[in-house]
Each structure stands twice: as structure tokens, then as C-alpha cells.
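**Student:** The structure's right below; bear with me while I get my questions together.
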Amino acid sequence: MPKARILIADDEEGIRESLNLILGEQNELDFACDGEETLAKLEAGGYELALLDIKMPKVDGIEVLRRLKAKGNRTPIMVLTAYQSVELAKEAVKLGALNYLPKPFERDQILSAVQAVLAAKPVQS
């Protein structure tokens, strides 16, 4: 079975490293450090899932979601953030995010959320 291609978009190196340890063995990971890089990579396509931080330099995660939705990009997005707010979660879901996970996260929480999204969408070749 081919590995799913996942984009990890977070400006914190420690978060990227943690997610690499949790998800890297079963998936092909790519990384972005700010919103502009995230948009460029998602617009190029080829990802089965993106994990998106809300607070990033240049373009924040909510604006990334707005721009992707406006362009009709259908990449499944899960939002990760240390800023826990009901309004922020509602806005992210309204803009198309499938899930909203708080930081710090538990290994099993990330694994089960990612597996659920990937199971619902066949891996593209």
C-alpha cells in the first residue's frame, strides 16, 4: 500500500519534529514553515492531508483556509493550535477544516485523527 502524502504546516520546529516521529514511518511527509509556503505547496497539489497550524508567519492558518476554499482546493485539512477558542474552531470548520486538535497533542490522538481522515479518502497515486 502506498504511503499517504501529508503536509505538516507549522512554524515551530519542535512540533514538526514531533509529528515526523509520530507520522513519518507510515506516511510521506512534507513540511512548510509559514502560510505562504503552505499555500504554494497545497496549490501544487498531491497531498492526501494537511495538518495546519493557525498562528504562522506571513499568512495565518485561517487565511490559508480562506484562500484554499476560495480557489476550490479540496485537500483535507486538520487544524492544530495552541490557541484554544470555540470561535476559532468554528471559523476553521466553516472554512473547511475537518478537525481541530489542540496543542499539546497526544500521540494516539494525532494517529487516530490522521488514520480516520486517510481511511475516508483513498490514497491517490
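The values are calculated or read from the model by the stated rules, or taken from the named source; none is laboratory data. What you are looking at is a predicted structure, and each value in this text was computed from that prediction instead of being measured. We place every Cβ from the backbone using ideal geometry, glycine too, and count neighbours over all the protein chains shown. Note: areas computed on protein heavy atoms with side chains; ligands, DNA, RNA excluded. Shrake-Rupley method; radii C 1.70, N 1.55, O 1.52, S 1.80 Å.
**Student:** Report the Cα centroid-to-centroid distance between the range 61-125 and the range 3-22 in angstrom, as an integer.
**Tutor:** Using only Cα atoms to place each centre, the spacing works out to 14 Å.
**Student:** Additional query: For the chain, with every protein chain kept in place, what is the accessible area per residue (1.4 Å probe, Å²)? If you can, show how the numbers build up before the last one.
**Tutor:** On the way: 6710 Å² over 125 residues.
Using a 1.4 Å probe on heavy atoms only, each residue of the chain averages 54 Å².
**Student:** For Ala44 and Val59, calculate 0.36 nm times their separation in residues minus their Cα-Cα distance, and state this gained length in nm to one decimal.
**Tutor:** 3.7 nm
**Student:** On to the next question. Straight-line reach from Lys69: which aspartates and glutamates have Cα under 19 Å away, leaving out those fewer than 8 places along the same chain?
**Tutor:** Asp34, Glu36, Glu37, Glu43, Glu48, Asp53, Asp60, Glu87, Glu91
**Student:** Using +1 at the C-beta of Lys and Arg and -1 at the C-beta of Asp and Glu, which of Gln109, Leu88, Cys33 has the Cα lying farthest in the positive direction of the dipole of the chain?
**Tutor:** Leu88
**Student:** Can you compute the charge dipole magnitude of the chain about its Cα centre, using +1 on each Lys and Arg Cβ and -1 on each Asp and Glu Cβ, nothing else charged? Give it in debye, rounded to the nearest 20.
**Tutor:** 600
**Student:** Also, quick follow-up: If Arg66, Arg5 are ordered by their accessible area, calculated over protein heavy atoms with a 1.4 Å probe, which sequence runs from highest to lowest?
**Tutor:** Reading off the accessible areas and sorting them downward yields Arg66, Arg5.
**Student:** Within the accessible area of the range 1-103, what % is carbon and sulfur when the probe is 1.4 Å and the other protein chains stay in place?
**Tutor:** Reported share for carbon and sulfur atoms: 49 percent.
**Student:** At 0.692 mPa s and 37 °C, plugging the Kirkwood radius over alpha-carbon pairs of the chain into Stokes-Einstein gives what diffusion coefficient in µm²/s?
**Tutor:** Numbers: Rh = 14.3 Å.
For these conditions, the coefficient is 230 µm²/s.
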